[in-house]
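Visitor: I have a structure here, written as structure tokens, and I will follow up with some questions on it.
The values are calculated or read from the model by the stated rules, or taken from the named source; none is laboratory data. Remember, predicted model here, so these are calculated numbers, not experimental data. A quick note on method: Cβ atoms are made from the backbone with ideal geometry, for glycine too, and the neighbour counts reach across all protein chains shown. The area values use the complete protein model at the heavy-atom level, side chains included, leaving out ligands, DNA and RNA. Shrake-Rupley method; radii C 1.70, N 1.55, O 1.52, S 1.80 Å.
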Amino acid sequence: MVQAKKAFVVSLLAVVGMLWAAPTAHAQNVASQMAYFGAGTTEILNPNGGVVLSGYMKTSSVGDLLIGFSMECALWTSTSTTATKGGGRTTSTARAAVNVTAYVDGVAAEPGQVVYCDRQQTVGLQFSSLTVEVTDAIALDLFLKTKNANHFNFYRNNVGSGVHYVEIKVDSIVSSDPNAPVDPGTRAVAGKRSLVIEEYNNP
């Protein structure tokens, strides 16, 4: 009987020890917090409206959301035009742009879609000299590649208490000159980016 009690006590202590050593399991709930931060580094070529960053924020009953989104934006524009002696003026146009929209629980935050970068490149060429003996055409190729970082604050008021899902969607406009070389071509790229969500009480 004594041995049975002793064995029971040893087993009980072993179970207690296992529970003590086991890691604490946390429920998948969003903690109350004043701010959220997220970031990404993978470049996205010609983004098509997909979600590039997202996060959750738990707010109080009087909470609004202030959403700050920063992103690198790279644009490539390539144009090519040709003019012949005595001919009319020829032009070439290419455009690349990147736009951003923030959503809270599926509803667009103010002020809606924002242009982070946009460039339209147009070149014109005319060869009108009548004194130079030239039989060939004159061609002009122009390529521009730029990259910069921009930031914008989005806002959503009266979201109410609870957990809210914030997502950033990025799309692009890529209008290529059909006469320009495919390489390097016209492109729009979303680069490094970061998202900050804050609960904000607007007086």
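Visitor: Kindly sort R193, R89 by accessible area of their heavy atoms, largest first, with the probe set to 1.4 Å.
Guide: Order by accessible area, largest first: R89, R193.
Visitor: For K192, give me every one of the aspartates and glutamates with a C-alpha distance below 20 angstrom, ignoring sequence neighbours fewer than eight places off in its own chain.
Guide: Excluding near neighbours in sequence, the set is E43, E72, D118, E167, D171.
Visitor: Grab the other residues whose beta carbon is less than 15 angstrom from that of M57, score K and R as +1, D and E as -1, and report the net.
Guide: -3
Visitor: Still on this model: Roughly how many whole Å is it from the C-alpha centroid of region 134-178 to that of region 33-69?
Guide: 17
Visitor: Please report the accessible area of E167 (heavy atoms, 1.4 Å probe, ligands and nucleic acids excluded) in Å², nearest 10.
Guide: 30
Visitor: I'd like to check one number: the per residue accessible area of region 100-201, probe 1.4 Å, reported in Å² as a whole number.
Guide: 57
Visitor: Note down the net charge around N157, summing +1 for each Lys or Arg and -1 for each Asp or Glu among other residues with Cβ under 14 Å from its Cβ.
Guide: -4
Visitor: Note down the net charge around D118, summing +1 for each Lys or Arg and -1 for each Asp or Glu among other residues with Cβ under 13 Å from its Cβ.
Guide: Charge balance near D118 sits at +1.
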